1. How much accessible area per residue does the stretch B:47-147 have, in Å², with a 1.4 Å probe?
2. Can you tell me the 0 to 90 degree angle between the C-alpha axis of helix B:680-695 and the longest principal axis of chain B, rounded to 10?
3. Let me understand the stretch B:399-439 better: what is its radius of gyration from the alpha carbons, and its Dmax, in angstrom?
4. Over the Cα atoms of the stretch B:596-728, how large are the radius of gyration and the largest Cα-Cα distance (Dmax), in Å?
5. Considering all projection directions equally, how large on average is the shadow of the alpha-carbon convex hull of the stretch A:126-189, in square nanometres?
6. Beyond 22 Å, how much of the Cα-Cα pair distribution for the stretch B:384-490 remains, as a whole percent?
7. Just to be sure I follow: if Rg is taken over the C-alpha atoms of the protein assembly as shown and Rh is the Kirkwood radius over the same atoms, what is Rg/Rh?
8. Tell me, what is the FRET efficiency for residue A:16 and residue B:849 to the nearest 0.05, using R0 = 60 angstrom and their Cβ-Cβ distance as r?
Amino acid sequence: MTTMPSWLAQADDLVAAATDAASIQAEIETLSVAKIDLATHLQTLQTLSSAGALGGGSWSTGTTGTPELFDALKTAAKNPSQSAVGHLNRALNSFATTAKAQLLDDWKRYAGDRMGNVSELYQLAAALAGVDSVAAKAATLREVLGRLAQNQDKLPNQAAFDLLAEADKHLAALEEALQPEAVRLFLSAVARGGASLEMLTGDVRSWLKANRAEHSFRITAGPPADS
Amino acid sequence: MSQETMEGFRCWSAETVADTVFSDIGALASDADAIFLAAHTPVTLDRKKGTEVDVAASGEAQVLKALLGPIGDTNRNTLIAVTGESGSGKSHVVRWVNAHVKRDDERFRVLYVPRAIQTLRALLHRIVTDLPGVEGTDLLDRVDAAIGKSSPGELKDRLVNEMCLALNWTIQEQPPGEAETPDEAQAREERNGLLGIPDDQGRRRDGLADLLGEPLVSKALLRPGGRLDRLVASYFDETSRRDDSEEAFGDEDLPIRAPGIRRSLAARPDMAELWDMVTHNPADALLLLEDALRKAVPATLGLRSTSGGDTLDGLFRRSREILKAEGRELVLIFEDLTQFGLVDGELYDQFATAPSKDIAPLRVVFAVTDGAFARMDKTVSTRVTDVFEVGGSALSDPQKFVGRYLNLVRVGGPRTQQLWNSAGHDSSKPWMQNACLTRNEGLPCEFLEKCHESFGKVKIDDLGDVGLYPYSAAALRRAVDHLGHEGTPRLVLDECISTNLTEADARIADGTFPHDRIDDRFDRRNTIGRQVLIQDVPNLSKPEEDRLYRARVIWGDEKGLPKGIEEAFALPRAGTEVVVVPPQPDTPQPERLGPHPLEPLYQWERGDLFADDEANYYRNTLLAMVESRLQLDQSLVHVYSGRGRAVLAGLFNQTSFFFEGARGAGAGKDSVRFDLKPTPENVRLLIAARWFREHGHFDPEQGNWPWPVGRDAQELMVELETQLDTWAATVRRRFLETCGGSAVAGDAVGLRAVALLAVGHDARALCSTDRVLNCDSRPVGSVSDAWADVQSAANQALGLKTDEYVAEFAAVRQGAKGGPQLIDTLELEAALSRWLADPESSLTRVQHEGESGLALQAKNLLEQLRKCEAGERTEIESASVILDDNLEGLAPSTVGDRALQIGDSAKNTGLFRPADAWGQFKRAIDVLETHTSAVKAPVVAPGVAGVLSAQHVARPLILLSKAVTFVVKCIGQTGEECKRVGGTAGSVSELRDEVRAQVGQLNILVNQLARKD
């Protein structure tokens, strides 16, 4: 004996079938959203990775993911359910932020190591722009240092690395042009963080006075840069 | 002629009556003094004005003295008014005076105008021809020309024109009078205002005259039957007139209520205002019109010459001048001053003209009604020297008044004239014969002794004993009493002499007196019933019985008739002596007894109209007596209140007793009606009813009023009891036929049972009266749309208080308060069975034959049942089909459970449809859940009864079918939704792989970004 009328049995089948279909549809919707989110993470990490590899990559210290990130990656790789993907998303967001910050720090540190304080160097170049013998070189340096300063807070790219090399070259050329030697040593030290009083020799003072640059320098307390 | 007995004897004839009796003095020839004086009854006059000169003189003699006494006084006129009501005899007084004014007296000349002169032409002719010393043919010619050469219509037009002239020019405004009261001043000003405002030519404008020019006004004034029409007609016709037909303009002579007057006067504000005054107070305008007519008539009729010819005033003046020259005076005797009507102005002018050295004095006596005298022009009334008012003295002794005429008609006109002539026209000595003593060639009547003994006689001065035949003293009294307060001498003559004697002549001759017309002319009040009064003369024909009864009441005053009366009228007799059952009505009654209340009943028996109060008294009495015998409580019917009372009141009430000859409608065909004719049997019955109602017993010695003469108490009691029982049986039978008695209660119970079925109750629960009465009347379950009107009608029927019907029509009442105590359920159960077996027939029957309250509800319910039966049957059948198709033999609860599971699944995945109908779906499931076993379709029998009986099971069935239908609908729509969403699901595995690949790449990148140390 049947337990339900035919019209009800037919509906029962339809409902059952429709209930399954709905479940699949929900998974599709979850995976679709996850696919979009993960694609975004992929692009971000790819950018960070490319930036870290510039200049041979030695200037970059790198960022190691947390265990949770790796667990999430593992879980999602196994079953990219809505919850697993959601967990992974949150872990990747955190990792990407950390990795980017680290990369920016590494870049600033690397540029400073090669050029000194770009801002102070920019001031020195401005001061030497009035010294006839090095005015042109100082002006060129100053122009390059200005562009270099604009990329200090961004992830480095190949152009940033090229600009750093060009500034380094023009600084060297400027130092070469300074005579006598004491002046060259003094100004090089100033350019790289400060010269000691000992380096303020008579020749130096005379040169500064002769080139009317004695008012472009100051004495501050503290050890010189190379000390 | 001489005869043995008085049978058929008459001492007068219709001819002698016609020759000698003139109730209206106007009809008596002016030279008929003999006839007049022979029957004249001296009148006592009340002297209202003037000096009494001869206390001993009779009334008429005082007038004569007042008229002739001043003869010789050349300084003043004498005006004597004899006043009184119409028919009081004032003209007779004047006529008497005229008869006693000697024409051969050289001191004066007499102009006598009798009432016999009834037209204006004759009046003028009498004045012109009898006025001493003048001819006046010119005046008569002008009047003849005015009337003879004009049509009535033309004469009316001329009158209106003359009235306009009078209003515009002649009639003067009234000046303020001395000591005028504010009301009089206002009346005068209003009158003057009606005349209008004089223009620079002196003609009045915007007054009543201009109003007469309005077509609607003149049309009303000239209308047929109006004042002017009647006046003109009197000039052309020999129309008789009486002093009580005084003419004057009335409201109907102005179009006061006719529409259109104001509209036609709209352009003339002053005229419109005048019309408002007229309509507000027409009396002033009508009096002014009368004044104008008074001016217009002489002018129209040529009484006033414009070329120096005779005028009435001129003739009088000339006559007085001539008489003055002769040393004589002018005596004017007018039997009715109002004869002069609209030409009295000229006469009044003479009254106001005092005697002088050229003008002879006037000695005038005239009769005038009280009303006319009061309205008389003050210029005349103030000059009246003596006023005598006639009272009712002529009738102070009706026997003498009538006796003179009886003698006159016996003597006859020619003999009377002969006697008057023999007496030398001298009334100072007795000159008239007594017919009773002289009718046989100077010898007494052969029946004198018997006649006077039987009919009675009256002693009259100068005549002696005059027989009253054909009256008796009682008959004459009843004849005069019948006239009541209106009985003036003229009326007494008309009725008691002219009419009665004329008819009696022929009726006595052929032995049919007193005939039926006597009933209308005599007071027939009696205190003894008809049958009692004539019971000593049995086996009479109806006419003979009527004659005998009539004679014994009227001539015998309900006593035995003297032999002479029976003989003269040829009445049937019982034997040698008439014996009337004692006691006689005039037997002194004990003082404790009140007045006899049966007179109206006897009058009704005689054929008079039954007085309203009396008829209602007997109706109420019989009604109460019959009601007390209905004993409907034996049929378990309570008729003292409630529906039983209402039914009985409609069936049996005051109108059920219909008295022939009484006012008031009789009961209609739906009520019991007992016709009561004024038969002796019914009179006995009503006497008995009245006696018993007012005394509570049939003891003649213990009554508050005299026991009716000749009635036997036992017989009356038995007759009353028998008749009341008969009537009560009739009423009881009709009552039970009409309302059915206890069947009403059965019908009430049956109707309630059917109504309960109609609202869904189970017939099995309505198996007894008790169950039906105590069943909660609220509907069971929900009603279908098709059956809603039936339920409404059933609810109304259930509003009837069935228990009251049972209490009033099927309960035994006992106890101190008479409340219903026991119910006879046997008949009620049987009725209930019949109702439930065939409700349609029962409803049909009650609709037509039942108590009104039940009938109304039965009709209503039956109408709705018949109207809704087919629809409800279809509804039930459809429900059965739905359930059969959708439940497929399963219990509804089983189907409901499964449907709920499926619906719930669908709802969880958002697939339930309609999406907002989940609550309704659940309620429908609840309905299914209440049916735990498989449903069987009910078998609905044919007809109203089938649907009615199936109602109890049909209601849940229909509700279930609706629930199932809704569930099926929801499940169906949900399935459709499932089908729709099923095709949209794509491949998930590919997507899943892609995500996994991304995760792998991310893993690589994370590793690439790891610290390098």
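The values are calculated or read from the model by the stated rules, or taken from the named source; none is laboratory data. Bear in mind that the values here come from a model prediction, so they are computed numbers and not experimental data. Note that we place each Cβ from the backbone using ideal geometry, even for glycine, and neighbour counts take in every protein chain shown. Note: areas computed on protein heavy atoms with side chains; ligands, DNA, RNA excluded. Shrake-Rupley method; radii C 1.70, N 1.55, O 1.52, S 1.80 Å.
1. In whole numbers, the stretch B:47-147 has 40 Å² accessible per residue.
2. Orientation of helix B:680-695: about 70 degrees from the principal axis.
3. 10.2, 29
4. Considering the stretch B:596-728 through its Cα atoms, Rg and Dmax are 15.3, 45 Å.
5. Values: hull surface 17.6 nm².
Taking the Cα atoms of the stretch A:126-189, their convex hull projects to 4.4 nm² on average.
6. That tail contains 40 percent of the Cα-Cα pairs.
7. Numbers: Rg = 69.3 Å, Rh = 47.5 Å.
Radius of gyration over Kirkwood radius for the protein assembly as shown works out to 1.46.
8. Numbers: r = 68 Å, r/R0 = 1.14.
So, using R0 = 60 Å, E works out to roughly 0.30.
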